[in-house]
Amino acid sequence: MSEYGIYLYAVTPDVSGNATAGTTPDEATGTTAGAGPGTRPERAADVSRDTRRGTGPGPGGGTARLHGVLGGPVRPIRHAGLVAHVGEVPLDQFGEGPLRRLLEDLDWVEGVARAHHHVVEALAAAGPVAPVRLVTVYTGEDQIRDLLDRRRDDFADLLARVAGRHEWGVKAYVTRAAPPAPPAVPASGRGSASPGTAYLQRRKASLRSREDVWRAAAERAERLHAALGEIAVAGRRHRPQDPQLSGRSDVMVLNGAYLVDPDRDGEFAAALDAFRGEGMDVELTGPWAPYSFTSLDLGSDRGGGTR
């Protein structure tokens, strides 16, 4: 008989008017472990009601029951004016030992991440949401309630910060410049360069040109980040992605996230467009749930989980 843990996806405000109600406890035993980040909204009232009763936008945008990791149903735990959105997961995969091994299986991790993201985006379509880090698992519902009690103010501040706003992602790459024209070959005679010397001169010129392009693009990326930060409520720079993750061989010079009020989306896009070209290619992704601006370190909550 499998034992189960409680997988936490995200926390939202409790708009049901029942600030202290909770679901029936269904405690599970065993060890747990934690690891390691634009659905089109439907009518807000319908989505909010569906989310509270454990349903929400399905893959087709309807109101089919919301399912998450391993296809399990998502349900709410209401407490302290907040709602924790959770599901049950088997500890033979999400227990500390098995999980450590499975985190090395990229296909498994990708499946969990996609399911986690689907739940978060569905919740974000209904209102402010504080996504929790991937694979946050607790042993029972009492631990979830304890977490909501102790971190209530922190969650409330995060949710107030992102309410009515969304996240845009911006990536900028150095575009590969055409190789420079080789320097003129001097006429043969005294003082003319040997073939080996001429090759080295061309090689140095090519490297200087490439470095100049990269330097100019990096400077433009700094200006782009500053310009977008003037429009966004908040901005954050992430570590540039490895080409294997980005799918591009070009060098990434900006991997930014920006929390933006929807009424400034047009201004944000216009500022972005002004930086396209001139040795730098810019990509815009989103809007997303505000993953980059709801980070709450649960590692110190030893009494509430395994982070």
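Derivation of every value follows stated rules applied to the coordinates shown; laboratory data play no part. Only a predicted model underlies this, so the values are computations on that prediction, with no experimental measurement involved. With ideal geometry, Cβ positions are generated from the backbone for all residues, glycine too; neighbour counts draw on all protein chains shown.
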### Task
Starting with the highest mean, order 85-97, 130-142, 226-238, 265-277 by the number of other Cβ atoms within 10 Å, averaged over the residues of each peptide.
130-142, 85-97, 226-238, 265-277
### Summary
Non-local residues with an amide H under 5 Å from the amide H of Val253, with H modelled 1.01 Å from N and Pro and chain starts lacking one, are Ala172, Tyr173, Val174
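Ordered by packing density, taken as the mean number of other Cβ atoms within 10 Å over each peptide's residues, highest first, how do 74-80, 164-170 rank? Could you put the intermediate results ahead of the total?
Details: 74-80: 21.0, 164-170: 19.4.
Those peptides, ordered most packed to least, come out 74-80, 164-170.
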